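Participant: The following block contains the structure, expressed as structure tokens.
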Amino acid sequence: MASDPDDRSAAERKPLPFEPGAARKKRADAKPVQAELPAQTRADTSVGVMPKEVGQRIGRRIAVFCGVPTLLGFSSFLGSYGLIQSGVSVPNFAVVLVSMGLLGLGVLGLSYGAISASWDEGRPGSRLGWEEFRKNLGYLTEAWKSQKH
């Protein structure tokens, strides 16, 4: 009967690179592998980097459009608990629908917050960002279409 390869002792087999607890020995002469970048990318390190101002603008919009509905969704549980404790009969499905609706708005607000921000560095954009949303969504759909071909 042939021996099963899995029956070998741990000392006989090589550990997998992703195996937890596997002792990894680094060779002294090993050099880190670095991907070769095109000359244009190496010369200009700002290619593909989002300006800090735009990133902060997107973060603020996400905090508002996602954070507010999400907090309201979680607080709806506390509100329904308070109503039930005060003697008001609240159906379970109403609590679930209200909380799911508000948490769903939070998920939609995450996307809307990122897409509705002005992606132009010097232009802050409007308060609700509807014009920026339409413009940026156009950019995204054009990019998706160009990837298909």
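Participant: Among the residues of the stretch 45-54, how many are modelled with pLDDT of 85 or more and more than 15 Å from Gly125 (Cα to Cα)?
Facilitator: Total satisfying the criteria: 1.
Participant: Something else about it: Among the residues of the stretch 94-120 satisfying the criterion of being touching a Gly at 6+ places or on another chain (Cβ under 7 Å) and not hydroxyl-bearing (Ser, Thr, Tyr), which is modelled with the lowest pLDDT?
Facilitator: Ala117
Participant: Might you let me know whether the stretch 133-143 holds any residue that is modelled with pLDDT under 90, open to solvent by less than 50 Å² (accessible area, probe 1.4 Å) and under 20 Å from Val64 (Cα atoms)?
Facilitator: Yes, the conditions are met somewhere in the stretch 133-143.
Participant: Can you spot a residue in the stretch 68-87 that is open to solvent by less than 90 Å² (accessible area, probe 1.4 Å), outside any helix (DSSP H, G or I) and either at negative phi or among the small types (Gly, Ala, Ser) (or both)?
Facilitator: yes
Participant: Give Arg61, Arg57, Arg42 a once-over and let me know the one that is open to solvent by 70 Å² or more (accessible area, probe 1.4 Å) and either at pLDDT below 95 or acidic (Asp, Glu) (or both).
Facilitator: Testing whether each residue is open to solvent by 70 Å² or more (accessible area, probe 1.4 Å) and either at pLDDT below 95 or acidic (Asp, Glu) (or both) leaves just Arg42.
Residue by residue, here is whether (1) open to solvent by less than 60 Å² (accessible area, probe 1.4 Å); (2) in a loop (DSSP other than H, G, I, E, B); (3) not polar (S, T, N, Q) holds:
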{"site": "Val95", "(1), (2), (3)": "yes, no, yes"}
{"site": "Leu103", "(1), (2), (3)": "yes, no, yes"}
{"site": "Leu108", "(1), (2), (3)": "no, no, yes"}
{"site": "Gly113", "(1), (2), (3)": "yes, no, yes"}
{"site": "Asp120", "(1), (2), (3)": "no, yes, yes"}
{"site": "Arg123", "(1), (2), (3)": "no, yes, yes"}
{"site": "Arg127", "(1), (2), (3)": "no, yes, yes"}
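The values are calculated or read from the model by the stated rules, or taken from the named source; none is laboratory data. Computed from a prediction, not measured in an experiment: that's the story for all the values here. Using ideal geometry, Cβ is built from the backbone for each residue, glycine included, and neighbour counts are taken over all protein chains shown. Heavy atoms of the whole protein, side chains included, go into the accessibility calculation; ligands, DNA and RNA do not. Shrake-Rupley method; radii C 1.70, N 1.55, O 1.52, S 1.80 Å.
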